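What follows is one structure encoded as structure tokens, with my remarks underneath.
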Amino acid sequence: MEVVKVDGNNVRCRIVVGGLLKSRKGVNLPNLPLRVPSMTEKDKQDLLFGIKHGVDWVSLSFVRSAEDIKVLKDMLKQNGAEHIPVMAKIEKPQAIDNLESIVDICQGIMVARGDLGVEMRPEAVPKLQKRIISLCNKQGKPVITATQMLESMILNPRPTRAEVSDVANAIQDGTDAIMLSGESAVGKHPVKAVKIMTLIALDVEKDAKWVNYPPAESNETHAIVESLNTIDATLPLKGICAITSSGFTATLAASERPRAMVYALTPNDDVYHALNLVWGVKPILLTSERASFEGICDQAEQVLKDHDVVQSGDKILIVGGIPNKFKGTNFLKIHTIS
């Protein structure tokens, strides 16, 4: 539509290209830097509702700068919910301009290709998708690739070959998760769409070769996690056991894309749920914590035995921090199951 007249809160438009217009749809204003806040009053009400009902993640739409995320985080803190991880939806040109600072402040990123392709040139979106995923992989932060993944399945029982290739490409790029939108929200074949997307992921990951980036920071946690791939490629590991209270160590370990599954052992119920989003991580909720090095290793072995992950003679990696209050990771052990 083309705007021809503005009268107060009313806008008169001329239809340039006609089509079906349904209610409760959003409006895109390409190339126009809007001055309205990213968080509306309705968003604030929805956030309070989510906090009350214990949501695992909060995602903010139409993020333009790190300041938008700071406003959201301040509101979470004011309501005693600063533990909830925040995800930014990248769907505005301004977000691309401020991408590094947005990734820095967030716990996760969503590549919202639908609106991004309307706000910007559609031919630019594939390169932007790769750039965003790569930046998140480098920093060890989960990233979701979303919208129009299997768009034709809103009506049809099978996707197009191009759509299958699109999903596969996102996985090969290093995305942590692939997400359906209209296919499951209003589509005729929601369950089938989920099954097909799962089959694509399982098949592509068999042969995927991901980039192993250098450590994002020079500290003990990053140094230990960087060594995981070398050990994983040398030994037939049955798993990598990350003892974590915040989820950071497990998320960082998974960002190395090891062959072995990362088992995140955490006493924190919120962290347990939030980690389900992260690629390659199987969170396990602990009912107690051990203080000593020997106690931590014994607990890790017993928990994996209880979950039928390991048996006598298997090798696992255990990473964690001692003492329990230590913020970070300062030990790694190659452990043989007794």
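Put simply, of Gln107, Gln78 the only residue that is polar (S, T, N, Q) and under 20 Å from the mean Cα position of the chain (by Cα) is Gln107. Within segment 180-195, which residues are over 29 Å from Arg257 (Cα atoms) and either open to solvent by 30 Å² or more (accessible area, probe 1.4 Å) or among the acidic types (Asp, Glu) (or both)? The answer is Ala185, Val186, Lys188, His189, Pro190.
Screening Asn324 on (1) closer than 29 Å to Thr175 by Cβ; (2) at pLDDT below 90 shows it passes everything except condition (1). When segment 163-179 is filtered for residues that are touching a residue at least 60 places away in the same chain (Cβ under 8 Å) and open to solvent by less than 40 Å² (accessible area, probe 1.4 Å), the ones remaining, listed by number, are Gly174, Thr175, Asp176, Ala177. Would you pick out the residues in segment 280-306 that are open to solvent by 40 Å² or more (accessible area, probe 1.4 Å), under 29 Å from Met87 (Cβ atoms) and in contact (Cβ under 8 Å) with a residue 24 or more places away in the chain? The answer is Glu289, and nothing else. Do we find a residue being open to solvent by less than 40 Å² (accessible area, probe 1.4 Å), within 24 Å of Ile133 (Cα to Cα) and acidic (Asp, Glu) anywhere in segment 65-73? Yes, that holds for at least one residue. Taken residue by residue, segment 281-295 has no member that is in contact with a Gly (Cβ under 7 Å, 6 or more places away or on another chain) and at pLDDT below 95.
When segment 87-137 is filtered for residues that are in contact with a Ser or Thr (Cβ under 8 Å, 6 or more places away or on another chain), open to solvent by 20 Å² or more (accessible area, probe 1.4 Å), modelled with pLDDT under 95 and not in a helix (DSSP H, G or I), nothing remains. Close Cβ contacts (under 7 Å, 6 or more residues apart or on different chains) running from residues in segment 146-162 that are open to solvent by 30 Å² or more (accessible area, probe 1.4 Å) to residues that are in a loop (DSSP other than H, G, I, E, B) and at pLDDT 95 or above comprise Ile154/Gly187; Ile154/Lys188; Leu155/Lys188; Pro157/His189. For segment 43-57, the condition of being surrounded by fewer than 14 Cβ atoms within 10 Å (Cβ to Cβ) and touching an Asp or Glu at 6+ places or on another chain (Cβ under 7 Å) holds for none of the residues. Figure legend. Inter-residue proximity from segment 191-208: first residues in a helix (DSSP H, G or I), second residues of a type in the set (Ser, Thr, Tyr), beta-carbon distance below 7 Å, spacing 6+ or different chains. Indicated pairs: Ala193/Ser184; Val194/Ser184.
In this structure, Asn156 does satisfy being over 15 Å from Met110 (Cα atoms) and in a loop (DSSP other than H, G, I, E, B). Pairing residues of segment 16-35 that are closer than 14 Å to Asp115 by Cβ and in contact (Cβ under 8 Å) with a residue 24 or more places away in the chain with residues that are of a type in the set (A, V, I, L, M) and in a loop (DSSP other than H, G, I, E, B), at Cβ distances under 8 Å and at least 6 apart in sequence or on separate chains, gives Pro30/Met120. Out of all the residues in segment 198-216, is one or more within 25 Å of Arg257 (Cβ to Cβ), open to solvent by 50 Å² or more (accessible area, probe 1.4 Å) and in contact with a Ser or Thr (Cβ under 7 Å, 6 or more places away or on another chain)? No, that holds for no residue.
The values are calculated or read from the model by the stated rules, or taken from the named source; none is laboratory data. Quantities reported herein were computed from a predicted structural model and do not represent experimental measurements. So basically every Cβ, Gly included, is an ideal-geometry build from the backbone, and we count neighbours across all protein chains shown. The protein model used for the area step is the full one, side chains on, heavy atoms only, and it has no ligands, DNA or RNA in it. Shrake-Rupley method; radii C 1.70, N 1.55, O 1.52, S 1.80 Å.
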